[in-house]
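One structure is given below, encoded as structure tokens.
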Amino acid sequence: MKRSVLDILYGLGALGIAGFFFWETIGAVPPETSVADDPYWYPRLLLILMAVLALAMIARAVFAATDEIVIGPRWPALLAVVIIVGGYAALFTWTGFAISTLIFFPIFAYGLGYRRIVPLAIASPLVVAVTWYAFHYGLGMTPPGIGLPLLP
């Protein structure tokens, strides 16, 4: 299959997913709130960004002058990603943000090919803490689950 055809298919898939979830969240945000005041807008903004990037991917594929042939998706790797993301979502539901992200951050990094254990052991809790505190102090909402100690 040509790379451009595969990119169009992936772009249409991403556009469809973004459109579906955007449609599902239409009534979730009260219309009198602004984007800066209500964090419920943030997922919708990410869905809009996803749709824009999907359209850019489709446009790039349509105007590409390449006849490069590529192999389709690697199904075992795709299945592994779905299982890992599903495990993260399930653990997130039971334990919340901090524990699930602390466990799955190194798993995601390892799956992407990052094999340096010591920097990963330092970065994982650091990323979790910075993200948790950014949401708690910056956005004024605490991520779900067990929280981190509050700063004085």
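A few points about this structure:
- For segment 48-61, residues that are open to solvent by less than 30 Å² (accessible area, probe 1.4 Å) and within 9 Å of residue 15 (Cα to Cα) total 2.
- Top-ranked residue of segment 79-101 - restricted to ones that are of a type outside the set (Phe, Trp, Tyr) and open to solvent by 80 Å² or more (accessible area, probe 1.4 Å), ranked as farthest from residue 6 (Cα to Cα): 93
- So residue 124, is it surrounded by 13 or more Cβ atoms within 10 Å (Cβ to Cβ) and under 16 Å from the mean Cα position of the chain (by Cα): no
- Here residue 87 meets each of (1) farther than 22 Å from residue 148 by Cβ; (2) at pLDDT 85 or above; (3) small (Gly, Ala, Ser); (4) more than 15 Å from the chain's Cα centre (by Cα) with one exception, condition (4).
- When 73, 43, 31 are screened for being at pLDDT below 90 and either in a helix (DSSP H, G or I) or in contact with a Cys (Cβ under 8 Å, 6 or more places away or on another chain) (or both), only 43 passes.
- Pairs, first of a type outside the set (A, V, I, L, M, F, W, C) in segment 41-60, second assigned to a helix (DSSP H, G or I) and open to solvent by 80 Å² or more (accessible area, probe 1.4 Å), C-beta under 9 Å, six or more apart: 43/21; 44/21
- Test for residue 133: is it outside any helix (DSSP H, G or I) and among the hydroxyl-bearing types (Ser, Thr, Tyr): no
- Selection from segment 127-139 of residues that are over 10 Å from residue 97 (Cα atoms) and free of Cβ contacts under 8 Å to residues at least 40 places away in the same chain: 127, 129, 130, 133, 134, 135, 136, 137, 138
The values are calculated or read from the model by the stated rules, or taken from the named source; none is laboratory data. None of the values given here were measured: they were computed from a predicted structure. Note that each Cβ is placed from the backbone with ideal geometry, even for glycine, and that neighbours are counted across all protein chains shown. For accessibility, only protein heavy atoms count, side chains too; no ligands or nucleic acids. Shrake-Rupley method; radii C 1.70, N 1.55, O 1.52, S 1.80 Å.
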